[in-house]
Amino acid sequence: MKAAVFHNIGDLRVEEVPTPVPGPDQLLIKIGAAGICGTDLRILSNGHHRIPSGTPRVLGHEFSGEVVEVGRNVAGIKVGTRVAIAPNIGCGTCDECVAGWTNLCENYQAFGITLDGAFAEYMLVTSPAIEQGNIIPIPSTLPYEVAALAEPLSCCINGQEAVGTRPGDFVLIIGSGPIGIMHLLLSKLYGASYVVVSEINPLRAEQALRFGADVWVNPQREDLKEVIWSLSGGRGADVVIVAASSAALQAQAIEVTARRGRVNFFGGLPKNNPTATLNTNLIHYRQITVTGSTGANVRQFRTAVKLLVHSRLSLEGLVGACLPLDQVLEGFERTKQAQEMRILVTPNTRSEDRQK
Ligand SMILES: [Zn+2]
Ligand SMILES: [Zn+2]
């Protein structure tokens with residue numbers, strides 16, 4: 001089969017590799033769609049501490065597909081089932097795993113990081129993923145491309161749970177890429193009365209407005225704090241989500257948060273420069289709660305799939321270009337340019353079936 005294999009920093013190759021053969025406790029998935037995200041870009045440019053240098057690894061951790069082979073010991077999953085798969089697998093025994101936070105397990109495994117992932121025609125599913133409930137059947141009404149967005153959506157659910165968005169909240173989302181828009185949609189679903197998006201790229205801002213943002217602020221042209229103060233009656237935002245990788249934006253988030261407001265640092269900072277200077281007096285005197293979140297657990301992934309299956313959220317508009325595997329590097333480049341919606345690889349779609 002064909003697969004996009006990461007060999008080393010800067011070295012990702014589409015090449016012929018043996019099609020995996022599932023053991024008695026494993027499954028084989030035919031990949032429907034796999035999204036390219038910032039994590040993939042970071043692995044290609046910096047490597048990953050869980051991928052030993054020189055170890056070939058098929059990337060791709062946001063994906064969906066069809067079960068095409070089932071090991072004889074696997075119960076309850078049939079050939080032909082369409083599935084979305086939560087990529088993070090915990091050790092199962094540490095305190096975090098026992099508490100349900102497999103995404104915070106120190107000894108996690110993950111498809112596309114420690115295990116071969118979904119930028120391939122087929123992917124092997126190992127037994128811990130099956131036993132921990134990571135395999136979620138999806139109906140034929142949910143396109144593979146949308147189902148592949150369940151993973152980033154589940155991460156946004158994790159961020160939203162951290163700040164506890166509730167009815168009536170005034171929400172500010174800093175950065176309106178596909179992740180910012182997922183936060184916008186979730187905030188509205190959770191009852192936010194008003195959602196403001198701060199974004200410097202007009203193209204992305206327009207998309208946010210189309211997805212239902214109440215106001216777009218361009219912080220290069222307007223003073224974000226002034227705008228938030230005037231829109232919120234001088235209170236500030238109840239919830240601020242920083243959906244961008246920037247220490248300056250993290251600092252700005254604290255400045256515009258209301259008393260007893262909640263902030264989520266959704267995007268991480270670069271590894272070599274992870275320090276932000278924050279006005280902690282604002283946190284102190286306004287009783288602000290500052291949270292972080294990373295990845296999602298299986299419960300949150302299942303929530304994401306349910307919201308998509310029952311159309312409580314419509315992410316069709318977030319599906320950008322769907323590229324063949326041969327163009328995965330182009331997909332990485334376009335993802336880096338950050339001008340488009342989520343770019344996906346659809347390794348088994350014939351060229352005549354490709355719409356975009
Ligand atoms: Zn991702
Ligand atoms: Zn664990």
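Calculate, in nm to one decimal, what R354 and E15 gain on full extension: separation in residues at 0.36 nm each, minus their alpha carbon distance.
Working: separation 339, 0.36 × 339 = 122.04 nm, distance 2.14 nm.
Value of the extension gain: 119.9 nm.
So what are the three principal axis dimensions of the chain from its Cα atoms, in whole Å, longest to shortest?
62, 45, 41
Would you be so kind as to identify all helices of the chain, as entire DSSP H runs, whose Cα atoms reach 15 Å or more along the helix's own axis and whose mean Kyte-Doolittle hydropathy is at least 0.0? Each step should come with its number before you reach the end.
Numbers: long enough: 150-163 (20 Å, 0.31); 178-189 (16 Å, 1.35); 298-309 (16 Å, 0.64).
Answer set is 150-163, 178-189, 298-309.
Take the alpha carbon atoms of segment 171-253, find their radius of gyration, then divide it by 2.2 N^0.38 Å using N residues; give the quotient. All intermediate terms of the calculation are to be shown ahead of the outcome.
On the way: Rg = 11.4 Å, N = 83, 2.2 N^0.38 = 11.8 Å.
Scaled against compact globular proteins, the figure is 0.97.
Once every Cα of segment 50-110 carries one equal point scatterer and solvent is ignored, give the base-10 log of I(q)/I(0) from the Debye formula at q = 0.12, 0.13, 0.21, 0.24 Å⁻¹, two decimals.
-0.45, -0.52, -1.02, -1.03
Tell me the label-point distance for the pair T289, V215, using the 7 Å Cα-to-Cβ offset, in nm and rounded to one decimal.
2.5
Cα-based Rg (one decimal) and Dmax (whole number) for segment 153-292, in Å?
Radius of gyration, then largest Cα-Cα span, for segment 153-292: 13.5, 39 Å.
If you average the C-alpha positions of segment 240-272 and of segment 1-20 separately, how far apart do those two centres end up, in angstrom?
Segment 240-272 and segment 1-20 have Cα centres separated by 36 Å.
Would you calculate, for the chain, the mean residue ellipticity at 222 nm contributed by helices, counting each DSSP H stretch of 4 or more residues as -39,500 (n - 2.57) and dividing by all residues, to the nearest 500?
-8000 deg cm²/dmol
Between Q132 and E316, what is the label-point separation in nm under the 7 Å Cα-to-beta-carbon projection?
3.4
Hey, can you rank 72-84, 167-179 by average C-beta count inside 10 Å, highest first?
167-179, 72-84
Please tell me which of these pairs span more than 32 angstrom C-alpha to C-alpha: K78/K188; K30/K271; K2/K78? Walk me through the numbers on the way to the answer.
Numbers: K78/K188 37 Å; K30/K271 34 Å; K2/K78 25 Å.
Distance filter (> 32 Å) returns K78/K188; K30/K271.
Coordinate-derived values only; no laboratory data. Everything numeric here is computed off the predicted structure, so don't read it as measured data. We place every Cβ from the backbone using ideal geometry, glycine too, and count neighbours over all the protein chains shown.
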